[in-house]
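S.K.: Sharing a structure, written as C-alpha cells. Questions coming.
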C-alpha cells in the first residue's frame, strides 16, 4: 500500500468511482474497491444505455423536460438542465477513452428509445451490454493511469473525522480482516445503491446502501430515502438477484400480457412505455390478483439486438425467440441518497458523493430511464473540478482505525420484510410494523443493513402521499406541494459512542 495523506480517496468500482478517479488526474487518488476491479459493480449489469440529446430532432432542453416530467415534481429544474446539457460532452469523453458505442451504417451513433423519453436518445454499446462495455473501458483506463492506486479487496468501514467534524479520511478492512486508517485530503463515496436490501432485486446482493450508512454515521444529511424505483420487468425465474429484461425491449415493441392473454397496458397512457412506477404498479396489481405476467419479446433478431437478455434467458431455461418471459417488479434503483450540492459536496465538510449513493436533485421521485450512468459521468467531472480547486487543510498522518461493525445477522429477515412492507405498494400499517422491527434489529446489532432499511421505512411512513416511486395505498393522491424529505442519524435513534469517528 502506497497511500499518502494528500491523496483523494474514492470508494467504489462502478462508473461513478472509476470516472471520478480518472477525472481527478493528475491529482493522486487511492481507489478502494471491495472486489477485483471491474467485478461486482452494478454498472456492469446495466442493460440500458446513456441518455444524451444527440439526434437531429432533439435538444438538451427536451431531455431536461422529460427528466422533470418523470421526476413527479421533485426533480430540480436547474439540475436537469445542467445534466442534460453535459450529456453530449460525457459521450464524447467516453468515445475519446475508447468506448465502442453502437453506430449506424453512416458512422453516427445509433440512438434507441426508452420509456418516458420523447425522442430516440439512448446511446448503447453491444446492444444491451452498455454498462459492461463502459465499465470495461473505464477499468482499462484506470489501470493505465499512473496517478491512481487501486486497493482491491478492501471495504470502507467508517469515515474518519477531525475535531471540527470534517471528514479527514476513511477506515477500511481487507478480506483477511486487516484494518487500515487512511488519511485523505478529500473522500468521494461512489458506493452505489441499496437494491440488495430487498428480496426481489436486480442489483448485486452487495448493494445494501453501505455508503449511506457511512455518511449518516459521520453526520451527513440523507434525502428522499423513501424513493425506490422498482423495475417493472425483472425475470421471474427464481434467480437471486433477478435477471433484468431491459426496458429497451419494450421500446422496440415487446408487450406485456397476463395469464388471460390480456394486454393490460393497452389503455394506459404511454402503454408499455409509461413511466416505470406506472408499469410496475400495473404488473404488481395483476400479480396481486393472481395473474402471471409475461413480456412477449418474440421479435425479429432478438439474439442480435439484445444478446445480453437472450443469454440470461437461455441460462434460466427460456428461449425468448419462442416463448414469452415471466416478469415481475423488483427493486432496481434508489432516487434518494446523500444530499449533495451542484459540486457533489455532502453536508459534512470533506465529503463528496457521486452516482446512485448521492441525491443530486436530478431524479426526483422517479428516475428517467438511462439517466443514471449519465448523472455519474457528469458529476464525476464536476466533483473532480471542485476538489482540484478547493483550498483544503493539511491532513493528519495518523488516524485511529475503529473496530469494524459486524455483518448483519438478520439479512434474510430484512430482505423479506422490505419486499413485503416497504415495496411497490405501501401503507401506514405495514410501514409502522416494518420500522418497529427494523429499529429493534438496529438497536440490537448496530449493523448498517438495518440502519439503511430503517431510514427508508421511516421516510416512507412520514410521506403521506403517493408520488413517483413511492405509492401509499392509504394516501393514493399526491400532495398539493412537492417537498423533499431529509433524514439524519440523530433523528432515527440516539447516536451511541461507537458512532464517534475522530482523528486520534
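S.K.: Could you please give the count of residues in region 150-178 that are farther than 22 Å from residue 206 by Cβ and touching a strand residue (DSSP E or B) at 6+ places or on another chain (Cβ under 6 Å)?
M.R.: Of all residues in region 150-178, those farther than 22 Å from residue 206 by Cβ come to 160-169.
Still in the running and touching a strand residue (DSSP E or B) at 6+ places or on another chain (Cβ under 6 Å): 160-162, 167-169.
Qualifying residue count, region 150-178: 6.
S.K.: Okay, moving on. Have a look at 19, 64, 84, 80 and point out the one that is without any contact (Cβ under 8 Å) to a residue 24 or more places away in the chain and part of a helix (DSSP H, G or I).
M.R.: Working: 19 fails: without any contact (Cβ under 8 Å) to a residue 24 or more places away in the chain; 84 fails: without any contact (Cβ under 8 Å) to a residue 24 or more places away in the chain; 80 fails: without any contact (Cβ under 8 Å) to a residue 24 or more places away in the chain.
Just a single option satisfies the conditions, and that option is 64.
S.K.: Taking the criterion of being assigned to a loop (DSSP other than H, G, I, E, B), modelled with pLDDT under 95 and touching a strand residue (DSSP E or B) at 6+ places or on another chain (Cβ under 8 Å), would at least one residue in region 348-366 satisfy it?
M.R.: Kept after step one, since they are assigned to a loop (DSSP other than H, G, I, E, B), are these residues of region 348-366: 348-350, 354, 360-366.
When the remaining residues are screened for being modelled with pLDDT under 95, the result is 366.
Those left that are additionally touching a strand residue (DSSP E or B) at 6+ places or on another chain (Cβ under 8 Å): 366.
Yes.
S.K.: Still on this structure, I have one more. Taking into account only those residues within region 215-238 that are in contact with a helix residue (DSSP H, G or I) (Cβ under 6 Å, 6 or more places away or on another chain) and farther than 18 Å from residue 460 by Cβ, which is surrounded by the most Cβ atoms within 10 Å (Cβ to Cβ)?
M.R.: 232
S.K.: Hey, another quick one. Which helices (runs of 4 or more DSSP H) sit wholly inside region 258-330 and have at least 2 residues that are modelled with pLDDT under 95, touching a helix residue (DSSP H, G or I) at 6+ places or on another chain (Cβ under 9 Å) and under 27 Å from residue 364 (Cβ atoms)? Spell out how you get there, then give the answer.
M.R.: Values: elements: 276-288, 302-305, 307-315.
Answer list for region 258-330: 276-288.
S.K.: Same structure again: Given the options 390, 403, 369, name the one that is within 30 Å of residue 118 (Cα to Cα) and at pLDDT below 95. Working first, answer last.
M.R.: Numbers: 390 fails: within 30 Å of residue 118 (Cα to Cα); 403 fails: within 30 Å of residue 118 (Cα to Cα).
Among 390, 403, 369, only 369 is within 30 Å of residue 118 (Cα to Cα) and at pLDDT below 95.
S.K.: Turning to a different aspect of this structure: Could you check, for region 204-214, whether at least one of its residues is surrounded by fewer than 24 Cβ atoms within 10 Å (Cβ to Cβ), free of Cβ contacts under 8 Å to residues at least 40 places away in the same chain and not in a strand (DSSP E or B)?
M.R.: yes
S.K.: Further question: Can you give me the number of residues within region 167-197 that are under 30 Å from residue 331 (Cα atoms) and either in contact with a helix residue (DSSP H, G or I) (Cβ under 9 Å, 6 or more places away or on another chain) or outside any loop (DSSP other than H, G, I, E, B) (or both)? Please lay out each step first, then the result.
M.R.: Looking only at region 167-197, we keep the residues that are under 30 Å from residue 331 (Cα atoms), and these are 170-175, 187-197.
Next cut, either in contact with a helix residue (DSSP H, G or I) (Cβ under 9 Å, 6 or more places away or on another chain) or outside any loop (DSSP other than H, G, I, E, B) (or both) only: 170-174, 187-197.
Counting residues in region 167-197 that are under 30 Å from residue 331 (Cα atoms) and either in contact with a helix residue (DSSP H, G or I) (Cβ under 9 Å, 6 or more places away or on another chain) or outside any loop (DSSP other than H, G, I, E, B) (or both) gives 16.
S.K.: Ok, one more. Identify the residue in region 244-258 that is touching a residue at least 60 places away in the same chain (Cβ under 8 Å) and surrounded by fewer than 23 Cβ atoms within 10 Å (Cβ to Cβ) and, among all such residues, is nearest to residue 327 (Cα to Cα).
M.R.: Let us first name the residues in region 244-258 that are touching a residue at least 60 places away in the same chain (Cβ under 8 Å), namely 244-252, 256-257.
Narrowing the set further to residues that are surrounded by fewer than 23 Cβ atoms within 10 Å (Cβ to Cβ) leaves 251-252, 257.
On the way: 251: 16, 252: 17, 257: 10 Å.
Filtering first and then ranking leaves 257.
S.K.: Now for a separate question. Being closer than 29 Å to residue 412 by Cβ and surrounded by 24 or more Cβ atoms within 10 Å (Cβ to Cβ) is the filter here, so list the residues in region 173-195 that pass it.
M.R.: Looking only at region 173-195, we keep the residues that are closer than 29 Å to residue 412 by Cβ, and these are 173-179, 189-195.
Those that are closer than 29 Å to residue 412 by Cβ and surrounded by 24 or more Cβ atoms within 10 Å (Cβ to Cβ): 189, 190, 191, 192, 193, 194, 195.
S.K.: May I ask you to verify whether residue 497 is at pLDDT below 95, under 28 Å from residue 444 (Cβ atoms) and loosely packed, with under 12 Cβ neighbours inside 10 Å? Quick ask: steps written out before the conclusion?
M.R.: Details: at pLDDT below 95: yes; under 28 Å from residue 444 (Cβ atoms): yes; loosely packed, with under 12 Cβ neighbours inside 10 Å: yes.
So residue 497 fits the description; yes.
S.K.: Given the conditions (1) assigned to a loop (DSSP other than H, G, I, E, B); (2) closer than 19 Å to residue 53 by Cβ; (3) at pLDDT 95 or above, report the number of the one that residue 100 does not fulfil.
M.R.: (2)
S.K.: Hey, another quick one. Please verify whether residue 91 is buried (at least 20 other Cβ atoms within 10 Å of the Cβ), in contact with a helix residue (DSSP H, G or I) (Cβ under 8 Å, 6 or more places away or on another chain) and under 23 Å from residue 136 (Cβ atoms), treating the condition exactly as stated. Break it down into steps so the answer makes sense when it comes.
M.R.: Values: buried (at least 20 other Cβ atoms within 10 Å of the Cβ): yes; in contact with a helix residue (DSSP H, G or I) (Cβ under 8 Å, 6 or more places away or on another chain): no; under 23 Å from residue 136 (Cβ atoms): yes.
Judged against the criteria, residue 91 is not a match.
The values are calculated or read from the model by the stated rules, or taken from the named source; none is laboratory data. Predicted model only: the values in this text are computed from it and were never measured. A quick note on method: Cβ atoms are made from the backbone with ideal geometry, for glycine too, and the neighbour counts reach across all protein chains shown.
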